[in-house]
Amino acid sequence: MSGSYDEYAVADDTMDSFWEVGNYKRAVKRVDDGHRLCNDLMNCLGERSKIEKAYGDQLTAWSKRWRQLIEKGPQYGSVERAWLGVMTEAEKVSELHQDVKNNLLNEDIERVKNWQKEAYHKQIIGGFKEAKEADEGFKKAQKPWAKKLKEMETAKKSYHMACKEEKLAATREANGKTEASVTADQQKKLHEKVDKCKQDVHKAKEKYEKSLEELNKCTPQYMECMEQVFDQCQQHEVKRLTFLKEALLDIKRHLNLTENQSYANIYRELERTILAANTQEDLKWFSNNHGPGMHMNWPAFEEYNPEAAAAPPKKKKPDGAPPTPSTDHVAPPGDRSSVSSYDKNQAYSTEWSDDEQPTGFSANENGGNGNSFEEDSSTGKAVRVRALYDYDGQEQDELTFKAGDELTKTEDEDEQGWCRGRLDNGREGLYPANYVEPI
């Protein structure tokens, strides 16, 4: 047999040789195995696509849930935006994994399916045309040699039987010479039997040697014909192996997100967002909105004013803007509950006496159980909105923005027509609901 595969495997002497009659079936079976392996590869990729989809869906659900919790939680300023950047990363990575799923299903599996259809042709009676052609080719190449082999095996068997008979006759003759009961006539017959057996052995040996010689003469032709058919099988197999290698490289390219420029951009953007977090700015914002930096109308002597006592002052309406709602926009007690130990919108009582102590805020208000960011059913969903008009906040708890600015609505409109929201710089406050529109 031409060619050597010693670098991959060493043939076991106990294995049936390819050259023995009928052992070409393994080469024929490889055609059927190739078709089945295409199915196995498609099933393998199908399962992987489901894993990619499930992972992407989980990332999206996780990001959506935690984005809402973070936006409603106590974290503020640039660090909050950095934290939300992790949620954005998850959403973008989820999209990439959905792309992986689509590539596996729409490109890789379809490519294997189309190649399989072109490489293997099913017959009406069953099996594949390629396997049938290989089987018929091997049978035709092996038939003459198999016939000679059968003749040789028959001659060998006859020769071995003749040798056995000769040995038996010689043993009987030797035993007859030592026994007094055997007559001279019987000894003569035993000797003649031995002579005849020797002649039979000689004839059987000549016939055996002749049949073996004829078999050896046709062996080269047999090997050549078998190798030709085997080479045809090899050509078909090399196409399958080459295709499989190329397909696996494409699969690797789809799976390896590190080679995707969009994947690298996601983490560069996340790093920029995190590095943009400014501790001092966040502390300053908190001080200005919830600390000593807040404006305070310190108590001062006021004359009695009947008109002021009768009605609260009206806010000045910006030019071209719709009327602003009532200024009485303080939420009633219990209107909203916190999603954390305290949240961005939590109101604190300003009433106190010498007999009362300030109420503390503990992370274990619920027995230490549950996520401090868990949502409350009474809290509205954060929604991005765009300003339709300029608005200049008239009170400390109101926002100021320009037409076209975008902000986040954190609470729905109340009965007086006010919404609570947060600017992109982190500042929170109230604004007229009719001054914005959803994005």
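The values are calculated or read from the model by the stated rules, or taken from the named source; none is laboratory data. In this text, all values refer to a predicted model and were calculated from it rather than measured experimentally. Reconstructed Cβ throughout: ideal geometry from the backbone, glycine too, with neighbour counts over all protein chains shown. Calculation scope for accessible area: heavy atoms of the full protein, side chains included, ligands and nucleic acids excluded. Shrake-Rupley method; radii C 1.70, N 1.55, O 1.52, S 1.80 Å.
Taking all protein chains as present, what is the carbon and sulfur share of the accessible area of segment 64-192, in % to the nearest whole number, probe 1.4 Å? List each step's numbers first, then the result.
Numbers: 4240 of 7910 Å².
Reported share for carbon and sulfur atoms: 54 percent.
May I ask you to give the solvent-accessible area per residue for segment 106-223, in square angstrom, as obtained with a 1.4 angstrom probe? Kindly include the intermediate steps, with their values, before the conclusion.
Values: 8540 Å² over 118 residues.
Accessible surface, normalised per residue, equals 72 Å².
Using 0.36 nm per residue, how much length does the chain from Met161 to Asn175 gain when fully extended, once their Cα-Cα distance is taken away? The partial results should precede the final answer.
Details: separation 14, 0.36 × 14 = 5.04 nm, distance 2.13 nm.
Length gained, Met161 through Asn175: 2.9 nm.
Treating each Cα of segment 189-310 as an identical point scatterer and ignoring solvent, apply the Debye formula and state log10 I(q)/I(0) at q = 0.18 Å⁻¹.
-1.10
Report, please, the projected area of segment 1-153 averaged over directions, based on the convex hull of its C-alpha atoms, in nm².
Numbers: hull surface 65.9 nm².
One quarter of the hull surface, i.e. the mean projection, equals 16.5 nm².
Subtract the Cα-Cα distance of Ile125 and Lys203 from 0.36 nm times their separation in residues, and report this length gain in nm to one decimal. Please list the in-between numbers first.
Numbers: separation 78, 0.36 × 78 = 28.08 nm, distance 5.00 nm.
23.1 nm is the gain from fully extending Ile125 to Lys203.
Would you work out the relative contact order for segment 60-143, in percent, from Cα pairs under 8 angstrom that are 6 or more residues apart?
Once divided by the residue count of segment 60-143, the mean separation gives 20 percent.
At 7 Å along Cα-to-Cβ for each site, give me the label-to-label distance between His191 and Asp250 in nm.
8.9
Sort 262-272, 92-102 by the packing proxy (mean of other Cβ within 10 Å over each peptide's residues), most packed first. Present the calculation step by step, with values, prior to reporting the outcome.
Details: 262-272: 13.2, 92-102: 18.2.
Peptide ranking by packing, descending: 92-102, 262-272.
For Leu37 and Val383 in one chain, what is 0.36 nm times their gap in residues minus the Cα-Cα distance, to one decimal in nm?
Numbers: separation 346, 0.36 × 346 = 124.56 nm, distance 5.12 nm.
So the chain would gain 119.4 nm between Leu37 and Val383.
Quick check: pseudo-label points 7 Å beyond the Cα along Cα→Cβ at Asn434 and Lys25, how many nm apart are they?
9.0
Taking N as the number of residues in segment 98-165, what is its Cα Rg relative to 2.2 N^0.38 Å? Walk me through the intermediate numbers first.
Working: Rg = 25.1 Å, N = 68, 2.2 N^0.38 = 10.9 Å.
Rounded to two decimals, the normalised Rg is 2.29.
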